[in-house]
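Visitor: My questions all concern the structure below.
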Amino acid sequence: MYVRIENHHGFIIKGFRSQIVGLEDFSRARKKLLNSLDKININPRVTYGVILSPQSDMLTVEAYIAGIIGNSSMTLNGMQEVLISSGRYVIASMGNETYDVFELLTSLRDAAFFRFRQAPIVEKYIRNTETGECDIELWVPIE
């Protein structure tokens, strides 16, 4: 895993919202997105997962949106939009390894190197077009 800090401009993610009970709900939401996009012959190289948490605790997940960068010409029933705010993010980059998002967020929080800000946490999945495997980045908003 590699960690860096970057500034990003805001952008919109358009996707499917799921209530989260456990980690398996993240992959279920992603499968729904990928199946829906496949039906309309859209195979993006980059997809996103947006973790929505209450202001008081970034480890409590209220909902998850699996989506792609917003495109006004793309409409699928049930899609919602969420704004990814501009600002600084600490970004943990992983290869195609599996990881526990809650374990990683706990490690970042407990390290106390960063002052977190209230904004959605973002998973960025970057698909290798040759192998089909995805590299993953976890973006955590910081001040």
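Visitor: Give the residue that is farthest from Ser53 (Cα to Cα), with candidates limited to residues of the stretch 132-143 that are charged (D, E, K, R) and not in a strand (DSSP E or B).
Guide: Glu133
Visitor: Can you tell me which residues in the stretch 9-34 are outside any helix (DSSP H, G or I) and either more than 15 Å from Glu123 (Cβ to Cβ) or in contact with a Ser or Thr (Cβ under 6 Å, 6 or more places away or on another chain) (or both)?
Guide: Listed by number, the residues that qualify are His9, Gly10, Ile12, Lys14, Gln19, Val21, Gly22.
Visitor: Scanning for something of a type outside the set (Phe, Trp, Tyr), modelled with pLDDT under 80 and within 20 Å of Phe102 (Cα to Cα), does the stretch 33-52 turn up at least one residue?
Guide: Scanning the stretch 33-52, I find no residue that is of a type outside the set (Phe, Trp, Tyr), modelled with pLDDT under 80 and within 20 Å of Phe102 (Cα to Cα), so the answer is no.
Visitor: Still on this structure, please answer the following. How many residues, within the stretch 91-113, are of a type in the set (A, V, I, L, M, F, W, C) and farther than 16 Å from Tyr2 by Cα?
Guide: 2
Visitor: What are the residue pairs meeting all of these: first residue in the stretch 91-111, first residue over 8 Å from Ile136 (Cβ atoms), second residue modelled with pLDDT under 80 and part of a helix (DSSP H, G or I), Cβ atoms under 8 Å, and 6 or more apart or on different chains?
Guide: Ala92/Leu108
Visitor: Also, quick follow-up: Inspect the stretch 127-138 for any residue being touching a Cys at 6+ places or on another chain (Cβ under 6 Å), under 21 Å from Val46 (Cβ atoms) and either of a type in the set (Val, Ile, Thr) or modelled with pLDDT of 80 or more (or both) and give the result as yes or no.
Guide: Yes, because at least one residue in the stretch 127-138 is touching a Cys at 6+ places or on another chain (Cβ under 6 Å), under 21 Å from Val46 (Cβ atoms) and either of a type in the set (Val, Ile, Thr) or modelled with pLDDT of 80 or more (or both).
Visitor: Can you find a residue in the stretch 60-78 that is at pLDDT 85 or above, of a type outside the set (A, V, I, L, M) and within 18 Å of Gly15 (Cα to Cα)?
Guide: Yes, the conditions are met somewhere in the stretch 60-78.
Visitor: Next up: If you go through the stretch 35-54 one residue at a time, how many are touching a Pro at 6+ places or on another chain (Cβ under 9 Å) and not in a strand (DSSP E or B)?
Guide: Residues meeting the conditions: 2.
Visitor: Right, next: Restricting attention to the stretch 79-105, and to residues there that are of a type in the set (Ser, Thr, Tyr), within 23 Å of Cys134 (Cα to Cα) and at pLDDT 80 or above, which single residue is surrounded by the most Cβ atoms within 10 Å (Cβ to Cβ)?
Guide: This residue is Tyr89.
Visitor: Another question about this same structure. Which count do you get for residues in the stretch 95-131 that are aromatic (Phe, Trp, Tyr), under 18 Å from Ala29 (Cα atoms) and either touching a strand residue (DSSP E or B) at 6+ places or on another chain (Cβ under 8 Å) or part of a strand (DSSP E or B) (or both)?
Guide: Count: 2.
The values are calculated or read from the model by the stated rules, or taken from the named source; none is laboratory data. Only a predicted model underlies this, so the values are computations on that prediction, with no experimental measurement involved. Here Cβ is always computed from backbone atoms with ideal geometry, including for glycine, and neighbour counts include all displayed protein chains.
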